[in-house]
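A short worksheet on the structure shown next.
Coordinate-derived values only; no laboratory data. Predicted model, so just to flag it, every value in this text is computed and none were measured. Backbone-built Cβ (ideal geometry, glycine too); neighbour counts: all protein chains shown.
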Amino acid sequence: MSNGLIKKIRSGDVLAMAKLMRDIDNSNPEVDKILKELFKFSGKNRILGVTGLPGAGKSTLISLLVSHFRKKGKSVGIVAVDPTSPFSGGAILGDRIRMKEHNVDSDVFIKSVATRGAFGGLSKSVVDIVHVMEAAKKDIIIIETVGVGQDEVDIVKIADQVIVVTAPGLGDDIQAIKAGLLEIADVFVVNKSDLQGADKTAQELKDAAEDKISGGLKPIILTDSIHEKGIEDLIVSIGNHKIRSSYLDRRYRFEIELKVRDRLMEIVRSSFEDSKDLIAILKSVSKRELDPYTAVDEVLKIVAR
Ligand SMILES: Nc1nc2c(ncn2[C@@H]2O[C@H](COP(=O)(O)OP(=O)(O)OP(=O)(O)O)[C@@H](O)[C@H]2O)c(=O)[nH]1
Ligand SMILES: [Mg+2]
């Protein structure tokens with residue numbers, strides 16, 4: 001049964017992919033079995049993380065990248081985390097329409113993931129969805145996320161190249177970029193270079209990056225996504241990117257830590273429902289016979305058994 005499904009996923013069957021991703025969204029327990037099988041296909045395709053300030057033009061930029069990749073005959077998977085604005089741009093819209101018409105095969109597969117929902121659900125869903133896209137042989141997988149919350153910043157750790165996008169006119173833009181993003185960026189894009197202040201934004205970014213980043217300044221590329229300027233430079237930078245030898249270590253360490261955290265949380269939560277030992281610990285804390293700090297040690301001893 002799962003063999004048939006895996007075959008379909010491998011062939012990029014849109015319906016099979018969409019169904020599996022829905023099961024991932026709904027934390028269907030059957031899903032892990034399939035994902036285990038799919039793992040052998042992971043770690044071979046390009047994964048780009050596109051993050052940065054809200055409204056900087058990430059989606060517009062991604063649409064242009066996608067149309068470039070499509071011209072080169074590459075298939076693309078996009079994971080959009082909590083998209084506030086839908087994708088625009090002929091390339092993607094065109095493919096979306098084609099997707100609807102054929103419904104069996106598509107070269108651009110877009111999946112939106114909502115941040116609202118279960119604890120830690122965001123990163124877990126994205127990690128699993130990317131595994132499905134890798135198995136479905138998407139040559140390039142792009143993760144779009146707003147770089148504001150910690151979860152959103154962390155998730156780009158699964159990308160082999162991280163593009164941090166900013167733009168002039170977004171207020172205290174550079175300050176708003178988390179230090180963590182400056183660290184994790186492989187390339188910076190100052191989009192909306194058609195607007196006043198783009199050079200100033202680039203300079204501020206350079207200063208901030210020099211302050212915060214050890215080991216070499218990362219490239220800063222100016223783009224104007226509306227008039228399609230500077231995109232070539234970004235494409236070259238993506239093409240030339242040397243994936244760090246430590247990339248897969250970083251990626252899978254993040255994935256394992258995430259899954260361990262989720263699993264532990266689940267065990268602790270359900271234990272408070274049905275484990276006499278945990279309930280007893282809780283009662284002791286409520287009666288103030290035990291402090292919560294000692295309680296943590298006790299709980300960990302029990303769940304690690
Ligand atoms: N002037 C100008 N406007 C742009 C440029 N790129 C994008 N925009 C506009 O900026 C707005 C936001 O663009 P999006 O691509 O949705 O930005 P985003 O970063 O994906 O936004 P969120 O996903 O909501 O964080 C849209 O109205 C775009 O048309 C550009 O290079 N110049
Ligand atoms: Mg967007």
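Tabulated data for the structure shown
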quantity: Positive minus negative residues near residue 302 (Lys, Arg vs Asp, Glu; Cβ under 13 Å); calculated: -1
quantity: Cβ-based exposure ranking for 217, 38, in which fewest neighbours within 10 Å come first; calculated: 217, 38
quantity: Local electrostatic count at residue 239 - Lys and Arg +1, Asp and Glu -1, tallied over other residues with Cβ under 15 Å; calculated: 0
quantity: Ranked 272, 69, 188, 41, criterion: other C-beta atoms within 10 Å, fewest first; calculated: 272, 41, 69, 188
quantity: Within straight-line cross-link reach of residue 44, aspartates and glutamates at Cα separation under 15 Å, skipping those fewer than 8 residues along the same chain; calculated: 134, 139, 160, 249
quantity: Per-residue Cβ neighbour rank within 10 angstrom, fewest leading, 32, 25; calculated: 32, 25
quantity: Placed amide H near residue 141: partners under 5 Å, 5+ positions off or other chain; calculated: 46, 47, 48, 77
quantity: Entries in 124/259; 138/192; 58/111 that, when Cα-Cα distance is taken, lie over 18 Å; calculated: 138/192
